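What follows is calculated from the coordinates using simple rules that are stated; it is not laboratory data. These numbers were taken from a predicted model, which means no experiment stands behind them. Note: ideal-geometry Cβ built from the backbone for every residue, glycine included; neighbour counts use all protein chains shown.
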């Protein structure tokens, strides 16, 4: 795992992202279980089918084209163009051709090719799990769609997350800072469960182009740093070079 864990079992819940950023990686690393929210509404202007990489001009999107008519759930979204995997690999190889760590992503691109026509949730989940393993994070994932949450349990975001903790025997829910805008802290206090807020400072590291651009996919860190896990969690002992 990426960091030490709380004494009580900790749960995080998050939609499956595409090529996640470092904050997501850190949050999952602190948990005992990650509930993959594949049954919530798909959001186009989010990280569920896109993320950012570094270029000489700053950054650019890598976006999986999808069919998402109306208001579909994430597990209903399909890929619109199977060539996305080849294009994304080509873009990364172009902009990171000076990286000495390019081989780290070979398994990722092989997986992307295998999954290029799969449902979006499966593409993003499996690629995210591979990237997590590359920095030593092996937190198990559970699909929310398989837990059979009732309408009453999903009435509000707080109700949903409390129900997930109880279903999976977790005493603590770890939320990112954005949760302060929609989670009901008094309700959490009344539930007997702990609501904990993620404390994370994104790492700075040497990128391949002048200046520093924050908030990129963890792919950038993997391609720029000799020991990405230690860069994410400097309190840990030095590790062998990432695979």
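Check whether at least one residue in region 158-173 is crowded, with 18+ Cβ neighbours inside 10 Å and within 30 Å of residue 112 (Cβ to Cβ), and report yes or no.
Yes, region 158-173 contains a residue that is crowded, with 18+ Cβ neighbours inside 10 Å and within 30 Å of residue 112 (Cβ to Cβ).
Could you figure out which of (1) touching a residue at least 24 places away in the same chain (Cβ under 8 Å); (2) on the phi < 0 side of the Ramachandran plot isn't true of residue 136?
Answer for residue 136: the failing condition is (2).
Kindly list the number of the only condition in (1) out of contact with any helix residue (DSSP H, G or I) (no Cβ under 7 Å at 6 or more places or on another chain); (2) over 30 Å from residue 192 (Cα atoms); (3) assigned to a helix (DSSP H, G or I) that fails for residue 23.
Unmet for residue 23, out of (1) out of contact with any helix residue (DSSP H, G or I) (no Cβ under 7 Å at 6 or more places or on another chain); (2) over 30 Å from residue 192 (Cα atoms); (3) assigned to a helix (DSSP H, G or I): (2).
Could you please let me know if residue 84 is under 16 Å from residue 35 (Cα atoms) and surrounded by 15 or more Cβ atoms within 10 Å (Cβ to Cβ)? Talk me through it step by step, then tell me what you get.
Details: under 16 Å from residue 35 (Cα atoms): no; surrounded by 15 or more Cβ atoms within 10 Å (Cβ to Cβ): yes.
In short, no.
Restricting to region 47-79, name every residue that is more than 21 Å from the chain's Cα centre (by Cα) and surrounded by 12 or more Cβ atoms within 10 Å (Cβ to Cβ). Lay out the reasoning, then the answer.
Restricting attention to region 47-79, the residues satisfying the condition of being more than 21 Å from the chain's Cα centre (by Cα) are 55-58, 67, 69-71.
Residues satisfying the conditions are 55, 67.
Tell me which residues, restricted to region 23-46, are under 11 Å from the mean Cα position of the chain (by Cα) and farther than 19 Å from residue 112 by Cβ. Let's see the steps before the verdict.
Of the residues in region 23-46, the ones under 11 Å from the mean Cα position of the chain (by Cα) are 23-29, 34, 36.
Matches in region 23-46: 23, 26, 27, 28, 29, 34.
Condition first: on the phi > 0 side of the Ramachandran plot and over 19 Å from the mean Cα position of the chain (by Cα). Can you find one or more residues in region 141-154 that meet it?
Step one: of region 141-154, the residues on the phi > 0 side of the Ramachandran plot are 148.
Checking the rest, the ones that are also over 19 Å from the mean Cα position of the chain (by Cα) come to 148.
Yes, region 141-154 contains at least one residue that is on the phi > 0 side of the Ramachandran plot and over 19 Å from the mean Cα position of the chain (by Cα).
Exactly one of (1) touching a helix residue (DSSP H, G or I) at 6+ places or on another chain (Cβ under 6 Å); (2) not in a helix (DSSP H, G or I) is unmet by residue 153. Its number?
Against the list (1) touching a helix residue (DSSP H, G or I) at 6+ places or on another chain (Cβ under 6 Å); (2) not in a helix (DSSP H, G or I), residue 153 comes up short only on (2).
With respect to residue 109, is the statement that it is surrounded by 15 or more Cβ atoms within 10 Å (Cβ to Cβ) and either free of Cβ contacts under 8 Å to residues at least 12 places away in the same chain or in contact with a strand residue (DSSP E or B) (Cβ under 8 Å, 6 or more places away or on another chain) (or both) true? It would help to see each step written out before you state the result.
Values: surrounded by 15 or more Cβ atoms within 10 Å (Cβ to Cβ): yes; either free of Cβ contacts under 8 Å to residues at least 12 places away in the same chain or in contact with a strand residue (DSSP E or B) (Cβ under 8 Å, 6 or more places away or on another chain) (or both): no.
Considered against the rule, which asks whether it is surrounded by 15 or more Cβ atoms within 10 Å (Cβ to Cβ) and either free of Cβ contacts under 8 Å to residues at least 12 places away in the same chain or in contact with a strand residue (DSSP E or B) (Cβ under 8 Å, 6 or more places away or on another chain) (or both), residue 109 comes out as no.
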